[in-house]
Amino acid sequence: MQTFFYLLYHPFAWAYDFVAAVVSIGMWKDWVMSALPYLKGPRVLELGHGPGHLQAALLKAGIAAHGIDESRQMGRLARKRLTENHRHPTEHSTYSLASGYAQSLPYRSESFHQIASTFPSEYILDPRTLAEVYRVLAPGGTLVVLPTIWITGQKWMERAAASLFRVTGQTREWDEGWLDPLHKTGFQPQIKRITHKSWTLLIIVAHKLTTPFF
């Protein structure tokens, strides 16, 4: 699986959208967009921006979008998408993309109002990642993580997708222990569940425990 994901995120990044659509029965983008209502801006950072769909949605909403991804191939895809869709950015809909790792963010402290990560790998609970997220979040800011999806539909395609997601790790058993690293870093996490007739999505909204700036 690690080899598969490496190839999909790097030399075969051009096929990412197609593969994601096929294995999710066409729902991947909709699932990613489930994080959007929790991202009000005015400045949002996305960890692991991938091909840039959430970045484009943030810009469309008039939010200053910033993204970082360790895959330079994904960076090129996202930059092309944003350039084509937003040829005339306004003061409130600017964007920037960086190449790097979540464990060492190249941003000033207290730079962002929200930080988002959709379907991240284990790096999201790395103490170094959470320390960096806490550092670059403004007082009162939030970390929004979409860690897992449960496909519950009974059609054959849905059952096949559910089995595949369990193998690839997109579907994980929920464990309250996931929240321990967030508590230890200084976040107050809340669990949100979005339920559809054929799937249930989990979203963690973790508030930075400082005096709100709003």
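Scoring N85 on the criteria (1) touching a Lys or Arg at 6+ places or on another chain (Cβ under 7 Å); (2) more than 17 Å from H10 (Cα to Cα); (3) surrounded by fewer than 23 Cβ atoms within 10 Å (Cβ to Cβ); (4) of a type outside the set (V, I, T) leaves a single failure, condition (1). Scanning the range 136-192 for residues that are loosely packed, with under 14 Cβ neighbours inside 10 Å and in contact with an Asp or Glu (Cβ under 7 Å, 6 or more places away or on another chain) yields one hit, P139.
Of all residues in the range 112-135, count the ones that are crowded, with 18+ Cβ neighbours inside 10 Å, in a helix (DSSP H, G or I) and either at pLDDT below 95 or not charged (D, E, K, R) (or both).
6
Within the range 89-100, does at least one residue satisfy the condition of being part of a helix (DSSP H, G or I), over 25 Å from T148 (Cα atoms), over 15 Å from the mean Cα position of the chain (by Cα) and of a type in the set (D, E)? Checking the range 89-100: not a single residue is part of a helix (DSSP H, G or I), over 25 Å from T148 (Cα atoms), over 15 Å from the mean Cα position of the chain (by Cα) and of a type in the set (D, E).
Quick one: which of L97, L58, L105 is at pLDDT 90 or above, crowded, with 22+ Cβ neighbours inside 10 Å and under 27 Å from F18 (Cβ atoms)? Give the derivation first.
Values: L97 fails: crowded, with 22+ Cβ neighbours inside 10 Å; L105 fails: under 27 Å from F18 (Cβ atoms).
Criteria check complete, one pass: L58.
Suppose the filter is loosely packed, with under 14 Cβ neighbours inside 10 Å, touching a residue at least 60 places away in the same chain (Cβ under 8 Å) and over 22 Å from E122 (Cα atoms); does P37 pass it? Here the answer is no, as P37 does not meet what is asked.
Just to be sure before I move on: is Y16 under 14 Å from D69 (Cβ atoms) and free of Cβ contacts under 8 Å to residues at least 40 places away in the same chain in the structure I sent? The answer is no for Y16. Note on the range 203-214: residues that are under 18 Å from Y134 (Cβ atoms) and part of a strand (DSSP E or B) amount to 5. Could we say that H49 is touching a residue at least 40 places away in the same chain (Cβ under 8 Å), closer than 18 Å to P120 by Cα and part of a loop (DSSP other than H, G, I, E, B) here? So H49 passes the test.
Any idea how many residues of the range 1-13 are assigned to a helix (DSSP H, G or I) and surrounded by fewer than 13 Cβ atoms within 10 Å (Cβ to Cβ)? Selection size over the range 1-13: 6. The sole residue among T171, T195, T185, T200 that is within 13 Å of Y134 (Cα to Cα) and either among the polar types (S, T, N, Q) or under 18 Å from the mean Cα position of the chain (by Cα) (or both) is T185. For the range 16-29, filtered to residues that are closer than 26 Å to I115 by Cβ and touching a strand residue (DSSP E or B) at 6+ places or on another chain (Cβ under 9 Å), the residue that is modelled with the lowest pLDDT is S24.
The values are calculated or read from the model by the stated rules, or taken from the named source; none is laboratory data. In this text, all values refer to a predicted model and were calculated from it rather than measured experimentally. When we count neighbours, we look across all protein chains shown, and the Cβ atoms used for this are built from the backbone with ideal geometry, even at glycine.
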